[in-house]
Amino acid sequence: MALIKDENIIGDFDQITYIRAKTKDKLFSIKITPPLREILIRFYNAENENQDYVFPILSKDNSKYQVHETITNNLKRQNVYLKRITSELGLPPFAIYTARHT
């Protein structure tokens with residue numbers, strides 16, 4: 001999601017289309033649900049010329065290395081937060097990878 005750009009949002013927040021960086025040969029199209037639409041509208045700012053990406057995680061000035069490092073660091077931070085939340089709720093710990101694939 002960090003790599004989603006304005007041009008990936010189709011229509012009036014109807015779909016997100018992108019080519020996955022890992023495979024580079026398949027176009028993915030995701031229907032935007034109402035909760036996701038609310039999140040995208042909150043962060044979407046087409047008038048902000050300094051921001052290439054929808055979410056304020058990356059900037060257009062980031063190098064490939066900086067993009068990778070920023071995403072990796074954010075995933076680590078999310079895993080720390082998930083560990084705290086699951087501990088407080090008495091749930092077995094899991095990582096963002098698990099959450100993405102269930």
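The values are calculated or read from the model by the stated rules, or taken from the named source; none is laboratory data. Note that the structure is a prediction, hence the values are computed from the model and not measured. Here the Cβ is made from the backbone with ideal geometry for all residues, glycine too, and neighbour counts use every protein chain on show. What goes into the accessible areas is simple: the full protein's heavy atoms, side chains included, and nothing from ligands, DNA or RNA. Shrake-Rupley method; radii C 1.70, N 1.55, O 1.52, S 1.80 Å.
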If you roll a 1.4 angstrom probe over the protein chains with everything in place, what fraction of the accessible area of the chain belongs to carbon and sulfur, to the nearest %? 54
What is the Cα radius of gyration of segment 1-88 over 2.2 N^0.38 Å, N being its residue count? 1.21
Around Gly11 (Cβ within 12 Å, Cβ-to-Cβ, excluding Gly11; K/R +1, D/E -1) the net charge comes to 0
With -39,500 (n - 2.57) per DSSP H segment of 4 or more residues and division by the full residue count of the chain, the 222 nm estimate, nearest 500 deg cm²/dmol, is -13000 deg cm²/dmol
Once both axes come from the Cα atoms, what is the angle between helix 34-43 and the longest principal axis of the chain, in degrees from 0 to 90, rounded to 10? 70
Averaged per residue, what accessible surface does the chain expose to a 1.4 Å probe, in Å²? 79
Just add up the charged neighbours of Arg84: K/R +1, D/E -1, any other residue whose Cβ is under 15 Å from the Cβ of Arg84. +2
